[in-house]
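Just so it is clear, none of the values below were taken in a lab; they were calculated from the coordinates. Quantities reported herein were computed from a predicted structural model and do not represent experimental measurements. Positions of Cβ are backbone-derived with ideal geometry, glycine not excepted, and every protein chain shown enters the neighbour counts.
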Amino acid sequence: MESLASMSHVFDNLPLPTAPAAAVPAAKPPPPRRAPRLLSRNQLLLISWLVPALVLVVWELAARAGYLSIHVLPAPSKVAATAWGLIQEGRLISDMGTSLLRAATGFVIGGSIGFALGTVVGFSRLAEALFDRSIQMIRAIPFLAMLPLVIVWFGVDEGGKIFLVSLGVMFPIYINTVLGIRQVDPKLLELGRVTGLSNATLIRRIVLPGALPSILAGVRYALAVAWLALVIAETIATSSGIGYLAMDAREFLRTDVIVLTIVVYATIGVASDAVARLLERRLLAWHPNYAAGERR
């Protein structure tokens, strides 16, 4: 009994368990602060144009100092004077219009075919088995290797030039369309099916918007390929176009005209890429990455 009494005395002296204190909610960490930009957007744009301007200044000074022969690389001022002379004759604007029409027609035809094939192959494994191997084999053929066959097929008319441009434009848009469709998140597709979206609505609201960044990247690349194909196409017997202007100048060793045609190609390429980037910003304004890029 005494042992029981002593044990009772020990238990009586033990501290009673207390309820755990209410958990204090942890303070939310402050949102990360974006590092301040060292240069504004306008300043970066100015810097991007300063570099080409500096190249032109160095080029002009080297030509005037005699380091560059006029028969090897004429000064920019000489090229500008040649351009003004051709504009007054009406040749430069006319040839630029002809080349632009060829490039635009080939781009629309080749881009439409590439987008249609890319969409079909992107959605169907059977279509991939039917078409993709043949398309990749044709894509591996260089333009110059096809040039004699194109002349046999189309002669020296406009059809051969437009065909080469269309062929070159088709592949970048085809590949990027297939890639964009295949990269759409499967969870988004499953969510669309759970919410009861039809296949047509699923494609229009989820698949094509998700593939749009890749498709527009293909469009930008296809624009560059279009001008490359046009240069090759205009080596076929022709009497108009920027390529004809360059080939005619080569016969008479007019390096100022040859350099002018290169500058024209570069200018048109930069302008077309700027239009593609503007289209990209407009169509992808919903995309968080592009929207963040607009806010910066």
7 Å from Cα along Cα→Cβ at both Val263 and Arg281: what's the point-to-point distance in nm? 2.7
Whole-number value, in Å³ per residue, for the convex hull of the alpha carbons of region 176-252 is 101
Assuming a ≥ b ≥ c are the square roots of the Cα gyration tensor eigenvalues, decide whether region 73-295 counts as rounded (a/c under 1.5), prolate (otherwise, with a/b larger than b/c) or oblate. oblate
How long is the gain from Leu191 to Glu89 if the chain were fully straight, where each residue apart is worth 0.36 nm and the alpha carbon distance is subtracted? 30.4 nm
